[in-house]
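Below is one structure, written out as structure tokens, with a few remarks after it.
The values are calculated or read from the model by the stated rules, or taken from the named source; none is laboratory data. Source: prediction; values computed, not measured. Cβ placement follows ideal geometry from the backbone for every residue including glycine, while neighbour counts extend to all protein chains displayed. Each accessible area value is taken on the protein alone, full model and side chains, heavy atoms only, with ligands, DNA and RNA left out. Shrake-Rupley method; radii C 1.70, N 1.55, O 1.52, S 1.80 Å.
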Amino acid sequence: MFASGLTDERAKQKLDATLGKERLQWKPILPRPVSSAQEITDMERDKEAFWLIQLSQSFDFAPETYALAISIMDRVSTLVKIRPKYLRCVAISCLYIAAKTLEDDEAIPVTLDLVRKSQCGCSVSEILRMELVILTKLDWNPKAVTAIDFLHLIHYWTMRSFPYLLTHLKNMTPSRFLALLTRKLLTLLCHANIARDRPSVVALALVSLELEQVVPQHWLQLNLMMQGVIQAENGEVISCRERMAWLLDQCSMLITGYQEKPVSSAKSKKRKVEDLESDNIYDGIKRLYEESGTAPEKLILPKRGSCASEMHLDSEDIHPFVQTVAAV
């Protein structure tokens, strides 16, 4: 059992089911025109996506709700040509549909409150009509697998397979690590250049970038392991990573700035005290023999063990994560 409440068997079943849904649901989103009066551009789409993330936070919606809203908006844009003047109404309607799908009833605002608080410039009737149009285009099935879903699963498998992954970092726990990844992912989903990739690849590329900072010497091994679990091609992961790194760098979010814990000196202090006490005892015996005029007997040192046993003793000081990776 892991901290998330999932068992390994259940997590594997959930991952397989999520990958199966992605294969059935996901369709590639082609690049939009640079400028057009009849169809929205990627820049216009990204602007509304950034507005939606602010609106989602003001209503205290879950990250899953925002990710689903973006997914709905992108899917609708592949089914019909959205004119720029209707994009704001489409965006707020997608968020409303996502909230009704995933949020608890008490967390869903009434349509009038949604209009007033969002200041979207739409009327209640316009949002309700747009909501009906969107649901009709989606065959009344707005739910879809998002990158947030895969992020939770990849995070689970990573922490489950390498429980000592974060132990060398200061003020970092698995839950904080997941929250940090989620914040970066929500920002990345605002960019059509990233949202165009498969959700599983987006989540894997983000975790891969972060692991490169957490464990620079072993991140590639972890990445290849998760890549096999997700069944992702190496080329698409590398391509997504490069675009993701550039965007995060532009937002000043690429470098997290992890701080390592200070190395505990308790064991070394204990050894120093023992060595000091041993030297004092030896010096006392030496002086005793010198005063009595009798030469001390030859000191018999304990036999050294084999190289294997010494390496075993030295390995106690090695970080447990290194041993875990070496065993993979």
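Count of segment 32-47 residues, restricted to those that are open to solvent by less than 20 Å² (accessible area, probe 1.4 Å) and either β-branched (Val, Ile, Thr) or over 16 Å from Lys81 (Cα atoms) (or both), is 2.
Condition check: modelled with pLDDT under 95 and under 22 Å from Asp139 (Cβ atoms). Does Leu79 satisfy that? So Leu79 passes the test.
Pairs are defined by a Cβ separation below 8 Å, a sequence spacing of at least 6 or placement on different chains, a first member in segment 22-40 that is of a type outside the set (Asp, Glu), and a second member that is loosely packed, with under 15 Cβ neighbours inside 10 Å and assigned to a loop (DSSP other than H, G, I, E, B); the pairs so defined are Ala37/Arg83; Gln38/Lys81; Gln38/Arg83; Ile40/Arg83.
Here Met172 meets each of (1) open to solvent by 20 Å² or more (accessible area, probe 1.4 Å); (2) in a helix (DSSP H, G or I) with one exception, condition (2).
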